[in-house]
Each structure stands twice: as C-alpha cells, then as structure tokens.
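Reading through the structure tokens given below for one structure.
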Amino acid sequence: MTPVVSTSTTTPQSPQDRIEALKEKYAALERALDEDPFPTLGAVHDLKRQKVRIRDEIYQLERQCHPVAVPWRGSGSVNMSGRPRVRGSQ
C-alpha cells in the first residue's frame, strides 16, 4: 500500500515551518520506501514522485527565505560550490 503524503496545508505557516513540515513528510516517504520489503514498481514510482515534489517545494521555499548571490565567474577564481578554487583541482 502506497502512503499518500499531502503537501497542501489549510493553515498559514511561516516558510521555515513549512520547510520543516515538508522535511518530515520527505523522511516519512523514505521510511515507507525502506520498510516495504517487496514494493511494486508503481508504488516505488509514486513514492519517488512525491519525494521529488516535496524536494522541489523545499528548494523553492529555501530560495525565498535565503536568496543566494551568485558569484561572478568571469575570473575563474571560484569553483561550482562557491568556494575559492585551489590550484590543481577542478
């Protein structure tokens, strides 16, 4: 049986509270995947689709709460993680 985790809410929450609630739902979906010893492909697909939706919503909320300044990459002095590049590393 595939648990359905709703990502909609009826009461207004702060973005941080919403992120925490979504992380709890995401963890519940991971547990559901781990606990079923013989899941059907449909059930796995359903759970993973729910996880992707939750992860995307968390990402959007985190971007709203903490906008990230993208460093200028013209000089090549910063790697993809935003940290200073060390010579000899990619």
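Annotations
- Each residue of region 44-57 was assigned a 3J(HN,Hα) from its phi angle through the Karplus curve 6.51 cos²θ - 1.76 cosθ + 1.60 (θ = phi - 60°); the sequence is 4, 4, 4, 5, 5, 5, 5, 4, 5, 4, 5, 4, 5, 5 Hz, with glycine and proline shown as x.
- D_trans [Stokes-Einstein, Kirkwood Rh over alpha-carbon pairs] for region 19-65, 10 °C, 1.306 mPa s, µm² s⁻¹: 142
No lab work stands behind these numbers, since they all come straight from the coordinates. Here the structure is a predicted model, which means the values were calculated and not measured.
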